[in-house]
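The values are calculated or read from the model by the stated rules, or taken from the named source; none is laboratory data. Quick caveat, the model's predicted, so the values are computed rather than measured. Cβ sites come from the backbone with ideal geometry, for glycine too, and all protein chains shown count toward neighbours. With ligands, DNA and RNA removed, areas are computed over all heavy atoms of the protein, side chains included. Shrake-Rupley method; radii C 1.70, N 1.55, O 1.52, S 1.80 Å.
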Amino acid sequence: MDNNQYALPFHRYEALLAVGANHSISCRAGTAFDSLKAFHETHKDWIFGHFAYDLKNELEHLDSNHPDGIDFDDLHFFIPEIVCLLKDNAIFIGLSNADEVSARKIFSSIREEKVQPIVSLPKINNLQSPLDENAYLDAVKSLQRHIHMGDCYEVNFCRENYRDNVVLEPLSVFIRLNSISPSPMAAFYKVNQHSLMCSSPERYIQKNGDKLISQPIKGTIKRGATPKEDEDNRAQLFNSSKERSENVMVVDLVRNDLSRVAVEGSVHASELFGLYAFPQVHHMISTVEATLSSKWHWTESIRQSFPMGSMTGAPKLRVMQLIEQHEKSRRGVFSGAVGYCDPEGNFDFNVVIRSILYNRQNKYLSFQTGSAITFYSNPAKEWEECLLKAKGMRHVLGLN
């Protein structure tokens, strides 16, 4: 994980590497959170893995009936054979049955490893989507009617781009993506035939001791072509009543979620409307902090706040129903979370956005983008925001 300045005060490591699997757990929605709790309590070890969006079906009376060409499990975690941690210019290496000799051999291998050249990608064209521009605009207008009727306040609405019969090397794609769009919560994640190449700028939730930190993103504008235009765009984002209202809504939602597991009176927004620059966009990011009550296991803070409010909207249950009604693809790992938990229950998870997913077995490639639909949304502008957020991924795939 590379760290932008908004994430820097909270980061514990500059990078983490987990290789191999001594034990693992895979679940579909049903009893996934209880199974994860038992898994971590039994082993008391480092675990790495993901929560997919469709775990919502375990948390509420919901379902997911759309196609999913990637087909990650709803939950998967593993205890790695090797863990490498980069912190303060030092590498810490942990092993199963660890000994110093083996650790030094791994360190030597890392130092001798040559940077692999980026493998050229096949020409990928004619991306498909179950929602073309007209269908997307119609869906946004339909969602706005629900907002006008008072069903909800904000809906995070996404669309998939996909291509089948694609052969590529996922690690090369990730290296290229991370060079074009370096992000503080980036991750390369591979489970059997499934790969995630993620350049996420957003932290879902972190636990350090008894402190919980969530950093939702709501508010986006493109970078300017000149320093003056760039600064003008920043000012436009900061002063936008629409973007600020979106940000306040998600902060309130996060505060409400964390209050279910927090010490009374400990939930607060330590930063509101922070502006941060990324290669293609400026984002408005807020930080919400809380103290986890000692009566709750760490998994409960995930259960009570998942899916993250920035990828649903408010109120959560109603907008998740509307998302299922209007989107045409299952989200799967997209808009879920990838990260780790250490033996003491400290964890850090991102929000899976700005990500390319690939299933090697069926040669299916996919990425999704979305935006927050509100009363004030201009459907055409929301379409443009989806294209803007896809810019880095399209460039990586040779589509610009």
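For the chain, the mean residue ellipticity at 222 nm estimated from helices alone is -9500 deg cm²/dmol, where every DSSP H run of n ≥ 4 contributes -39500 (n - 2.57) and the total is divided by all residues, rounded to the nearest 500.
Region 252-291 and region 339-361 have their alpha-carbon centroids 20 Å apart. Near residue 186, the amide H atoms lying under 5 Å from its own belong to 2, 200; only residues 5 or more places off or on other chains count, and H is placed 1.01 Å from N. Shown here is the pair-distance distribution of region 95-217: with all Cα-Cα distances grouped in 5 Å bins from zero up to the longest one, the shares run 2, 8, 9, 11, 14, 16, 15, 10, 6, 4, 3, 2, 1, 0 percent. Label-to-label distance for residue 248 and residue 114 is 5.8 nm, based on points extended 7 Å past Cα in the beta-carbon direction. The coefficient of translational diffusion for region 165-271, derived via Stokes-Einstein from the alpha carbon Kirkwood radius under 10 °C and 1.306 mPa s, stands at 93 µm²/s. A straight Cα-to-Cα reach below 20 Å connects residue 228 with none of the lysines, residues fewer than 8 places away in its own chain not being considered.
Under conditions of 25 °C and 0.890 mPa s, region 10-116 yields 151 µm² s⁻¹ as its translational diffusion coefficient, taking Rh as the Kirkwood radius over Cα pairs in the Stokes-Einstein equation.
Result for the chain in a Gaussian network model with C-alpha springs under 10 Å: among 372, 277, 38, the largest mean-square fluctuation is at 38. Shape analysis of region 274-367 based on the Cα gyration tensor places the equivalent ellipsoid semi-axes at 25, 19, 18 Å, largest first.
Across the chain, Cα pairs under 8 Å and at least six residues apart give a relative contact order of 25 percent. Average accessible surface for region 3-82: 45 Å² per residue, computed with a 1.4 Å probe over protein heavy atoms with every protein chain in place.
In plain terms, the chain from residue 17 to residue 96 could stretch by 27.0 nm, reckoned as 0.36 nm per residue minus the Cα-Cα distance. List the residues of region 194-210 whose backbone N lies under 19 Å from a point placed 7 Å from the Cα of residue 167 along the Cα-to-Cβ direction. Counting backbone N atoms under 19 Å from the label point, the list is 194-195. Among 60, 385, 112, the largest mean-square fluctuation in a Gaussian network model of the chain, built with springs joining Cα atoms closer than 10 Å, belongs to 112.
Across the chain, the fraction of Cα-Cα pairs farther apart than 42 Å, rounded to a whole number, is 8%. Evaluated with a Cβ-only charge set (Lys, Arg +1; Asp, Glu -1), region 298-400 carries a dipole of roughly 480 debye about its Cα centre, given to the nearest 20.
Taking label positions 7 Å along the Cα-Cβ direction at both residue 381 and residue 71, the computed distance is 4.2 nm, reported to one decimal.
As a ratio to 2.2 N^0.38 Å, the alpha-carbon radius of gyration computed for region 8-62 takes the value 1.39.
Set the bar at 28 Å for Cα to Cα. Now go through 56/222; 87/190; 316/363; 37/218; 211/328; 328/389 and name every pair that lies beyond it. Table pairs above 28 Å Cα-Cα are 56/222; 316/363; 37/218; 211/328.
Atom-type composition of the exposed protein surface of region 87-234 places 49 percent of the accessible area on carbon and sulfur (1.4 angstrom probe). Our note on the geometry: Cα centres of region 16-52 and region 61-108, 10 Å apart. The mean sequence separation of alpha-carbon pairs under 8 Å and at least six residues apart, normalised by the residue count of region 145-250, gives a relative contact order of 16 percent.
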